[in-house]
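To start, the structure under review is shown below, and the notes come after it.
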Amino acid sequence: MTAGPAPRGDRIRSGLRGPWPVFLGRQLGRFAASMVVLATAAFGMVHAIPGDPVRNALGLNAQPAVVAATRRTLGLDDPLWTQYARFLRGLVTWDMGDSLISHVPVAQVMTRLIPATVGLAAAAFVLAVVVAIPLGLLAGIATRDGRSRGTHVAFTSVTGVFSVVPDFVLGVGLVFVFSVTFKVLPVAGQSGPESYVLPVIALAAGPAALLARVVRVEAQRVLAEDYLRTARSKRLPARLVYLRHALPNLLTAALTISGLALSSLLAGTVLVESVFAWPGVGNQLVRSVLSKDFPVVEAMAVFFGGSVLLINLAVDVLIAVVDPRSVIKET
Amino acid sequence: MRRSTSGRAAVLRTPLGISTLVLLVAVVGVAVVAPLVLGSRAETIDVAAMDQGMSAQHLFGTDPLGRDLLARTLVATRLSVVLAVITTVVAAVVGVLAGALPFVLGRRLGRLLVATINLSVAFPSLLLALFLAMIFGVGAQGAVLTLALAMAPGFARLTHSTAAAVAGSDYIAAARLLRVGRARIVLRHILPNIAEPLVVNATTTVGTALLSLSGLSYLGFGVQAPDYDWGRLLSDGLGSIYTTPAAGLLPCAAIVVAGLTFILAGEVATQVVSGRSRRRGTARRVVTAPVAPVAEDTGPAGDVVLRVEDLTVTFPDRGTRPVRGVSFEVRAGEVVGVVGESGSGKSLTAAAVGALVPHPGVVEATRLDLAGRDVRRLGRAERDRVLGTSLATVFQDPMSALNPAVRVGLQLAEVSRVHQGLSRRAAAARAVDRLAAVDIPSPERRAREYPGTFSGGMRQRAMIGMSLMAEPSLIIADEPTTALDVTVQQGVLALLRDVVRQRNAALLFISHDIAVVSRIASRVLVMYAGQIIEELPVSALVDDAAHPYTRALVASIPDMGMDRRLPLATIDGRPPEPDRLPVGCSFAPRCPLADVGCAEQAPPLVAIGENRRVACWKPPSDVGGPRSTAGEGGRG
């Protein structure tokens, strides 16, 4: 995201609530603009499909009459801008037509699938953050000023491997160990809470390892800062030195990486849902793309893209809450 | 850009470098050899050997068509690696073009392109590739193309940001002035300079491309039967994970090993490019501090606030001793200045008093008493309480010494909360009171603000206010005015002077600037190469200093009455490096009075009157009255 123009002292000082309204307005405006770009890209994608998308989806054996009728129902014969307007209106009113394959309304498909995917991604994200931040901070404290070379090597190797192993491969490994060999957890599907364990771990491991590495490096940087020496000179207990004085100063970087991690974790749901036969958006996306069911794919593009944009928005706002200086910088 | 080639080669000799090289050779070797040797074995359909488990014939069993699983996995290396490399090359070419284009295009178009790149980088490439598959279709070709397009924004952004840095440099400006065409600037001047980060990024990208392509093939978007890469094998084998687990696990293992190899190679490439071989630190000798001789604990020693005897600070990792046998006392209500060049050990001496010497420094002393108690012999909790209440430190740079993420009031209040057991409210009120005491206007509002809104002078006032939270008996001010404007310096010095006078605290004022020290201190310690070389009252500083170094320091102060046509007095030479100290007097190499004897033996610090000590073989005879211990340090 590009930074705004240079800070304007007059605007910051004017008004009782400071720079927040300007900052939020700018962020929301950027989000809205990106959403429009995204929706346009999703719309453009369908129209960039070579040949007739309906013929593509229904196959070469479909009756020309059926193809023509489907084209008419979908409004593909209307002028492009009419179609575009209808598509945007459909997104806003949550009425995006029917699936070409199952003839179920797309909105209904999405409403059924989204909770499963969001539940999986949210659980994995929470797990990743809850594990990674304390782990990275502790590792940073243990290895500060070049202390404990052994911890350093062990930490970087283990997190390095976990950040490289792809989620679906880890998922297969977990299934083999816990479901096939020891038979303690279900192989696939969404049932009780125990069905969440393996997919959540498979999704969370990579982002957690990455986040922990970043937090450790940031912790080392912060622990060498002058203000940490001030805190130590005040002889504060370790709890205050690390939690009050060090942690807030590494949160900006941690939040930025968390946002990236959450986005990549969302992409990971596609593969992990496929490994675990999870009834979510990702699993359906694969089938819909393969069957060229473009009304569904369009909606999913907006869902995934919108989620990524929403995550970025949330990260920018959260960083501003944690580090008020960035508000001033942005406005 | 010039780096030693030996440094680059050294990276390849580290454990990481060696194992990466071995892995890389193995993966590429298998990719080349396996299809030639095992090709037929991997593709021969053997109905008699369907879905077999492990056996001598088939090490990891067979697939539903009786084909050897291990052979198939090894043969699949070639296709998997080749597709990943092609993807990376296409992504890099497209990305570099897109990233360099904004410099060639006009301002508006360029900005639009950069915004598009920045927006698309936010989207995970696997997701982008899945959606692009709607347009390009499935199959190996489609997968490579879609993934390459999805990964291109990463390269584009790297190209653009690196190139933007290069484009801002002087030689590009010069080329512009010479009216070199924009395209030519990009080709001839910018691209060659961003080649290294691009190559490093590309190496890592082969790894991620391999992982993503495996994912796409696994989902059915990539390689289609009868061809097979690892993702395809995994997708075929996963269904039989109960019967022949190797069918799924072998390709998984292959994906991880190959992915790890290329990502490690990227890591090594980064180190080679940055010339940073993680050379192992020299073996660290553990220097155990000798047990301090049991000092008679005679209670508070009169009005002596700080007593330091034979203090040394050693860094065993570097084999240096920046503080070498320093002894001095500070009494209540007194301002003692410590002067010396950077590296003279003055700040480390202060850090040793406050137990703040950075790791792995080792502090030794025969005596280190603060407010009458030997802090080294206290328990941890008690030591923290004594150091937290009796001692306060004001650091050099107020811009970085206050925590930017914690409200100023809380940074003050926590001292009283922790060490004096004050309630949150009482501590906050005390913080406001102390901010008012150091002349900070509207202290109640200021206490609620973050340091970012304070000016440099105000921050240093706040730091001084912080030092007053617990009524300390000693304040150490380590270059407190160095980072401030001259006019602000005056205010801070006046404030420190008032603080000492009103609260009867002692002040240890450390500075490289003898002029500043002479304005506030009553007694001065001059340090050189880790030792005190002279102690004298400030009244004697200007025309009664004994040590040639002190005299030279005084002579180097410019003042308004000086003849501006004469050059400023300077001291020739530099202080000795801490790991190359001379045998004799450490100032001898720069001293105008030094003779052969000075270079042979170091002079001891001897008393030459009340509050006067000097370490010199040749002090002027007219200094400080009769030398009380004249015979003691006679040269042998």
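The values are calculated or read from the model by the stated rules, or taken from the named source; none is laboratory data. The structure displayed is predicted, hence computed values, not measured ones. Here Cβ is always computed from backbone atoms with ideal geometry, including for glycine, and neighbour counts include all displayed protein chains. We work out accessible area using only protein heavy atoms, side chains counted, and drop any ligands, DNA or RNA first. Shrake-Rupley method; radii C 1.70, N 1.55, O 1.52, S 1.80 Å.
Remark: pairs (first residue in the range B:502-513, among the charged types (D, E, K, R); second residue at pLDDT below 95 and open to solvent by 70 Å² or more (accessible area, probe 1.4 Å); Cβ separation under 9 Å; 6+ apart in sequence or on different chains) = B:Arg503/B:Glu471.
Each row is one residue, and each column tells you yes or no for (1) among the charged types (D, E, K, R); (2) under 19 Å from the mean Cα position of the chain (by Cα).
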residue: A:Phe168; (1), (2): no, yes
residue: A:Val175; (1), (2): no, no
residue: A:Val197; (1), (2): no, no
residue: A:Ala205; (1), (2): no, yes
residue: A:Arg221; (1), (2): yes, no
residue: A:Lys234; (1), (2): yes, no
residue: A:Leu240; (1), (2): no, no
residue: A:Leu243; (1), (2): no, no
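Screening B:Tyr242, B:Tyr228 for residues that are part of a loop (DSSP other than H, G, I, E, B), in contact with a helix residue (DSSP H, G or I) (Cβ under 7 Å, 6 or more places away or on another chain) and open to solvent by less than 40 Å² (accessible area, probe 1.4 Å) leaves exactly one candidate, B:Tyr228. With respect to the stated conditions, B:Gln460 is assigned by TED's automatic domain parsing to the domain that holds B:Glu382 and touching a residue at least 40 places away in the same chain (Cβ under 8 Å). Each residue in the range B:153-182 was checked for being open to solvent by 50 Å² or more (accessible area, probe 1.4 Å) and touching a Phe, Trp or Tyr at 6+ places or on another chain (Cβ under 7 Å), and 1 of them qualify.
Evaluation of B:Phe60 against the conditions (1) in contact (Cβ under 8 Å) with a residue 12 or more places away in the chain; (2) within 14 Å of chain A (Cβ to nearest Cβ); (3) open to solvent by less than 20 Å² (accessible area, probe 1.4 Å) shows that the sole unmet condition is (3). When residues in the range B:91-136 are screened for being at pLDDT 85 or above, away from chain A (no Cβ under 14 Å) and buried (at least 19 other Cβ atoms within 10 Å of the Cβ), 6 of them pass.
For the range A:165-194, a residue qualifies if it is free of Cβ contacts under 8 Å to residues at least 12 places away in the same chain and in a helix (DSSP H, G or I), and the qualifying residues are A:Val169, A:Gly173, A:Phe176, A:Val177, A:Val180, A:Thr181, A:Glu194.
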